[in-house]
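Have a look at the structure below before the remarks.
The values are calculated or read from the model by the stated rules, or taken from the named source; none is laboratory data. Please read these numbers as outputs of a predicted model, since none were measured by experiment. Backbone-built Cβ (ideal geometry, glycine too); neighbour counts: all protein chains shown.
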Amino acid sequence: MNARNKSLMLSANTMRQDIVRMLTEAKSGHPAGSLGLADIFAALYFGVLRHDAKKPDWPDRDRFVLSNGHVCPVLYAALANAGYFPREKLMTLRKLGSPLQGHPHRGSLPGIENSSGPLGQGISMAVGMAIVSKREGRNWRVYSVMGDGEMNEGQVWEALLLAAKYKLSNLTAIIDRNNIQIDGTSDDVLPLEPLAAKLSSFGWNVLEIDGNDMGAILGAFDAARKNFEKPTAIIAKTVPGKGVSFMEGKFGWHGKTPNPEEAAQALKELDEQRKRLEAMA
């Protein structure tokens with residue numbers, strides 16, 4: 001394992017432990033998607049995005065849009081570990097008066113580019129940002145994470161068409177293909193397949209990866225940067241609840257938080273994984 005991948009995997013592990021702690025303290029929130037996306041967010045905030053925690057409004061920063069805002073615990077963990085605000089503040093998640101709201105709110109915390117809530121909106125915001133960057137001749141890029149469940153929304157597909165029309169090669173959409181929604185699996189609620197073929201037919205460059213494999217994640221982001229003709233969609237097949245054995249792959253953990261005993265078990269498992277990672281050459 002190369003040093004870069006190991007470092008990013010350790011960052012993802014730290015974020016997963018933060019997620020478990022903050023959700024247990026909050027007693028509400030969404031663990032499955034947050035844990036599943038930790039590898040993606042570690043890659044973005046510690047290996048891909050051009051950003052500066054000391055200058056959150058730096059004009060030339062890359063823009064990041066979180067569309068499926070209910071997984072904001074992973075975004076907050078990434079921002080805190082990147083230095084945007086003290087990690088201790090993570091434990092105020094969803095508490096009255098806390099800037100760490102149940103969905104991100106632009107202006108409440110440094111590093112938050114968009115407010116979210118209604119699903120299906122983020123990709124439209126990201127497309128607008130990417131159009132501005134192209135129109136003004138800027139070189140900052142736009143990245144947007146979205147859930148597979150929110151692709152049930154018609155607005156998503158309208159935005160995808162618009163991105164293709166303007167050949168927004170500076171836009172990368174990461175689709176969290178974990179196949180769960182609040183009511184069950186996405187295949188049961190409203191099947192998306194053949195998703196890659198649909199996205200390709202809408203004029204997008206499409207990559208399919210294991211969304212919990214750091215090498216594959218970095219390779220996909222690198223490939224997206226090298227494409228100058230189309231926007232890129234990365235279909236990231238993640239495991240919901242990744243890293244916590246009793247949560248993995250179970251849609252029941254979409255919006256249920258662990259009790260103190262479950263949290264202790266989850267943290268024990270994550271700590272053991274960390275020790276194994278640290279021991280790897």
Of all residues making up the stretch 243-267, the number that are surrounded by 10 or more Cβ atoms within 10 Å (Cβ to Cβ) and in a helix (DSSP H, G or I): 9
Positions within the stretch 86-98 being within 14 Å of Pro73 (Cβ to Cβ) and not hydrophobic (A, V, I, L, M, F, W, C), in sequence order: Arg87, Lys89, Thr92, Arg94, Lys95, Ser98
Condition check for Lys89: loosely packed, with under 15 Cβ neighbours inside 10 Å and basic (Lys, Arg): no
Flag for Leu35 being in contact with a Cys (Cβ under 7 Å, 6 or more places away or on another chain) and closer than 29 Å to Phe251 by Cβ: no
Matching residues in the stretch 126-150 - criterion: being outside any strand (DSSP E or B) and within 15 Å of the chain's Cα centre (by Cα): Ala126, Asp148, Gly149, Glu150
Selection within the stretch 33-62 - surrounded by fewer than 23 Cβ atoms within 10 Å (Cβ to Cβ) and either within 30 Å of Gly184 (Cβ to Cβ) or in contact with a His (Cβ under 9 Å, 6 or more places away or on another chain) (or both): Trp58, Arg61, Asp62
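Which of the helices (runs of 4 or more DSSP H) found entirely inside the stretch 1-44 contain at least 2 residues meeting this: of a type outside the set (Asp, Glu) and in contact with a Leu (Cβ under 7 Å, 6 or more places away or on another chain)?
Details: elements: 3-26, 31-36, 38-43.
Qualifying helices (runs of 4 or more DSSP H): 3-26, 38-43.
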Verdict on Lys54 being in a loop (DSSP other than H, G, I, E, B), closer than 22 Å to Lys256 by Cβ and basic (Lys, Arg): no
All positions within the stretch 114-145 that are buried (at least 23 other Cβ atoms within 10 Å of the Cβ), of a type in the set (S, T, N, Q) and at pLDDT 95 or above: Ser144
Close pairs (6 angstrom Cβ cut-off, 6 or more residues apart or separate chains): free of Cβ contacts under 8 Å to residues at least 60 places away in the same chain in the stretch 203-218, surrounded by fewer than 18 Cβ atoms within 10 Å (Cβ to Cβ) and not hydrophobic (A, V, I, L, M, F, W, C) anywhere: Asn205/Asn227; Val206/Ser200; Ala216/Asp210
Residues being closer than 16 Å to Ile174 by Cα, surrounded by 15 or more Cβ atoms within 10 Å (Cβ to Cβ) and in contact with a strand residue (DSSP E or B) (Cβ under 7 Å, 6 or more places away or on another chain) - total across the stretch 186-209: 9
Counted residues, the stretch 228-238 - those being surrounded by fewer than 19 Cβ atoms within 10 Å (Cβ to Cβ) and farther than 17 Å from Ile131 by Cβ: 1
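If you check Ala3, Ala32, Ala42, which single one turns out to be hydrophobic (A, V, I, L, M, F, W, C), touching a strand residue (DSSP E or B) at 6+ places or on another chain (Cβ under 8 Å) and within 25 Å of Lys268 (Cα to Cα)? Spell out the reasoning first.
Numbers: Ala3 fails: touching a strand residue (DSSP E or B) at 6+ places or on another chain (Cβ under 8 Å); Ala42 fails: touching a strand residue (DSSP E or B) at 6+ places or on another chain (Cβ under 8 Å).
Testing whether each residue is hydrophobic (A, V, I, L, M, F, W, C), touching a strand residue (DSSP E or B) at 6+ places or on another chain (Cβ under 8 Å) and within 25 Å of Lys268 (Cα to Cα) leaves just Ala32.
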